[in-house]
Amino acid sequence: MGIRQKVAEEFGSTPNKEGKLGKQHAEDVIVTPLRSDNYHEDLASSVFCGVMPGDGWSGRMEDSILQGCIPVVIQDGIYLPFENVLNYESFAVRISEDEIPDLIKILRGFNETEIEFRLANVWKIWQRFLYRDSILLEAERQKTASGRVDDWAVKLLQLGEDDVVATVIQKYHEKVVIELRISF
């Protein structure tokens, strides 16, 4: 059984094939295989968001961070994006697969100060998961199509923090420096 299936078996908020909810279903916890028409709004209104493997690569980490939610990583032995550049312990929660039955207990164990600390750090690093070029392309598309650019695009274009491209360059720079040290 995969990780998502284990989480659904424990905490599912949508009836399974037998019509049952998860063993530990809680009203304030959403675990569902159904696609949401309000996916980004659902993430943005959540404190914690699951980051679990799916059918190959997915953008769950990016979605969580860009919507201002604390990522809850349930992937044993996986190297996270930019892990050697970003301090994941400061903005995410990592839970082992064996701890899935205790997931809600673990998350409810964070006090308000710890949650605020992680959320503040999510807000400090969110641009590291944003492709600024995609904003530029969308702004140009809007300008061509309607002669104007939405306010959100203008505001994002004014951001001066490092985006995902700068983060990748930092990661490669670090790798080159380490390899140069090893070579000499």
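The values are calculated or read from the model by the stated rules, or taken from the named source; none is laboratory data. Computed from a prediction, not measured in an experiment: that's the story for all the values here. Counting neighbours? That spans all protein chains shown, and the Cβs are built from the backbone with ideal geometry, glycine included. For accessibility, only protein heavy atoms count, side chains too; no ligands or nucleic acids. Shrake-Rupley method; radii C 1.70, N 1.55, O 1.52, S 1.80 Å.
A few notes on this one:
- Per-residue HN-Hα couplings for region 79-88 [Karplus 6.51, -1.76, 1.60; θ = phi - 60°; Hz; x = Gly/Pro]: 8, 7, x, 6, 4, 7, 10, 9, 8, 4
- To the nearest 10, the accessible area of residue 21 is 80 Å² with a 1.4 Å probe.
- Full-extension gain in nm, residue 124 to residue 142, via 0.36 nm per residue minus C-alpha separation: 3.7 nm
- Database remark: amide H of residue 50 closer than 5 angstrom to the amide H of 72 (H placed geometrically; neighbours at sequence offset of 5 or more, or on other chains; Pro and chain starts carry no H).
- Exposure of residue 20 as accessible area (Å², to 10), given a probe of 1.4 Å and all protein chains: 130
- Long-range HN-HN contacts of residue 94 with modeled amide H, under 5 Å: 73
- Assigned charges on the beta-carbon of Lys, Arg, Asp, Glu; region 61-105 dipole about Cα centre (debye): 160
- Residue 76 long-range amide H proximity, modeled H, under 5 Å: 97
- List 70, 106, 125, ordered by accessible area with a 1.4 Å probe, largest first: 106, 125, 70
- Fraction of accessible area attributable to carbon and sulfur, region 38-112 (%, probe 1.4 Å): 50
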